[in-house]
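Some notes on the structure that comes next.
Every read-out reported here was derived from the displayed coordinates using simple, explicitly stated rules and does not represent laboratory data. These figures come from a predicted structure and were not determined experimentally. Heads up, the Cβs are rebuilt from the backbone with ideal geometry, glycines too, and the neighbour counts pull from every protein chain shown.
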Amino acid sequence: MKILITGGAGFIGSAVIRHIIENTQNTVINLDKLTYAGNLESLNEVSTDPRYFFEQVDICNRAELDRVLSHYQPDAIMHLAAESHVDRSIDGPAAFIETNVVGTYTLLESVRAYWNDLEPKKKASFRFHHISTDEVYGDLEGTDDLFTEKTSYEPSSPYSASKASSDHLVRSWLRTYGLPTIVTNCSNNYGPYHFPEKLIPLMILNAIDGKPLPVYGDGMQIRDWLYVEDHARALYKVVTEGEVGETYNIGGHNEKANIEVVKTICSLLEEFVPNKPKGVEQYQDLITYVTDRPGHDVRYAIDASKIERELGWTPEESFETGIRKTVEWYLNNKQWWGRVLDGSYSMERLGQGS
Ligand code: NAD
């Protein structure tokens, strides 16, 4: 198979590409605009493989999308390109509407034109897999409630509203035009190569630098954490074995309050890096409660029984094993995150670095 992956230089997209190149015979075309969140250094392990191709393209650029589709003739699309950080969507929603809504629409139209012209066998087996989030469902009220594929949409932030819009567009392109689409909605991911603005890498890097660990509100917001490599395996299963028109929820069965996540990171650092920065007695002393994010959802939790039952996928990592691997990865990969923090990963890309 030739699989075109949008957003392949991002956190999850790069995990999907590493998974496919390392574990299958398929070819991957990585189509990415390379925003601040796109980092080709996350693909160093696989980027010299002859089955890997990269195209720097914005999903809002119809002519470029048409060119790439016609040149590579992919058998499937995995659409991950998005603006993905909730805090940024609150400060500046425009980019979220542009990429997540207009970009998804532009991609759907380009793919529809390409798909219409395919010969019947290739047309029948073609897949458009849209990767979305559990945040489209909004908040869970009861402590035992879970998001299922039938839960109605109630997005709370500009990010989740823009992802909800894109999910609706994708499903309507199947219903109206017959484009063979599949949607997945996943819970919070964590693991290697996560951009250090997100909770888990931010806490690890701040702690080892002796900086405050900012926790929103009372820290009791609950998220269902999934190790990114488990997500990558689930996505590959869905694009190769999933049923057209279906939605699959993907989750880790690992509900944790944010404050619990931060305290776990602190205790792992006590074990791995007992020599603390000057003036720090315990990493936990760095925890600082800050004003809550506006509209902050309190609890997300996924019922992933459908993908388990129908496609035989289950996560391999528990939160305890995954967070241990993640903390160790950050401690051993300063080269990667150091270049993100000092900006050189993107300056070099633009030809401005040394
Ligand atoms: P990310 O922010 O790490 O990566 C996004 C990638 O998309 C980057 O490489 C960026 O350069 C690229 N991109 C952004 N705008 C683009 C555009 N206009 N054209 C082409 N490329 C563009 O995001 P992520 O965490 O890897 O998330 C990937 C997808 O998975 C997103 O659609 C997100 O909504 C969804 N998702 C994320 C999580 C999570 O916990 N991170 C959970 C569930 C679902």
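The set of residues from the stretch 1-31 being within 13 Å of the ligand (Cβ to nearest atom) and farther than 19 Å from G191 by Cβ comprises L4, T6, I29, L31. Counting only strands (runs of 3 or more DSSP E) wholly contained in the stretch 1-64, the ones carrying 2 or more residues that are closer than 18 Å to A232 by Cα occupy 2-6, 27-32. For the stretch 67-89, a residue qualifies if it is surrounded by 20 or more Cβ atoms within 10 Å (Cβ to Cβ), near the ligand (Cβ under 10 Å from one of its atoms) and assigned to a loop (DSSP other than H, G, I, E, B), and the qualifying residues are L80, A81, A82, E83, S84.
Yes/no per residue for (1) within 30 Å of Q284 (Cβ to Cβ); (2) in contact with a His (Cβ under 8 Å, 6 or more places away or on another chain):
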position: E197; (1), (2): yes, yes
position: M203; (1), (2): yes, no
position: I208; (1), (2): yes, no
position: K211; (1), (2): yes, no
position: G219; (1), (2): yes, no
position: I222; (1), (2): yes, no
position: A234; (1), (2): no, no
position: G245; (1), (2): no, no
position: A257; (1), (2): yes, no
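Residues G245, G219, G279: which one is away from the ligand (no atom under 14 Å from the Cβ), within 26 Å of N26 (Cβ to Cβ) and over 21 Å from the mean Cα position of the chain (by Cα)? Spell out how you get there, then give the answer.
Values: G219 fails: within 26 Å of N26 (Cβ to Cβ); G279 fails: within 26 Å of N26 (Cβ to Cβ).
Matching residue, one of G245, G219, G279: G245.
For the stretch 92-124, the set of residues classified as within 13 Å of the ligand (Cβ to nearest atom), touching a strand residue (DSSP E or B) at 6+ places or on another chain (Cβ under 9 Å) and closer than 25 Å to E154 by Cβ consists of G103, T104, listed by residue number. Scanning the stretch 157-211 for residues that are buried (at least 24 other Cβ atoms within 10 Å of the Cβ), within 22 Å of I59 (Cα to Cα) and of a type in the set (G, A, S) turns up S160, S162, S166. Note on the stretch 113-159: residues that are among the hydrophobic types (A, V, I, L, M, F, W, C), part of a loop (DSSP other than H, G, I, E, B) and more than 28 Å from Y177 (Cα to Cα) total 2.
With E45, E64 as the choices, which residue is over 16 Å from M1 (Cα atoms) and either more than 11 Å from the ligand (Cβ to nearest atom) or within 19 Å of the chain's Cα centre (by Cα) (or both)? Write out each step before concluding.
Values: E64 fails: either more than 11 Å from the ligand (Cβ to nearest atom) or within 19 Å of the chain's Cα centre (by Cα) (or both).
Selected residue: E45, the only one of E45, E64 that is over 16 Å from M1 (Cα atoms) and either more than 11 Å from the ligand (Cβ to nearest atom) or within 19 Å of the chain's Cα centre (by Cα) (or both).
Screening F319 on (1) surrounded by 15 or more Cβ atoms within 10 Å (Cβ to Cβ); (2) closer than 20 Å to P214 by Cβ shows it passes everything except condition (2).
Any idea which of (1) touching a His at 6+ places or on another chain (Cβ under 7 Å); (2) more than 22 Å from R127 (Cβ to Cβ); (3) buried (at least 18 other Cβ atoms within 10 Å of the Cβ) is the one V262 doesn't satisfy? Here V262 clears every test but (1). When you scan the stretch 117-124, do you find a residue that is within 30 Å of W337 (Cβ to Cβ) and either in contact (Cβ under 8 Å) with a residue 24 or more places away in the chain or surrounded by 16 or more Cβ atoms within 10 Å (Cβ to Cβ) (or both), even just one? No, the stretch 117-124 contains no residue that is within 30 Å of W337 (Cβ to Cβ) and either in contact (Cβ under 8 Å) with a residue 24 or more places away in the chain or surrounded by 16 or more Cβ atoms within 10 Å (Cβ to Cβ) (or both).
Of the set (1) crowded, with 20+ Cβ neighbours inside 10 Å; (2) within 16 Å of the ligand (Cβ to nearest atom), all apply to R127 but (2).
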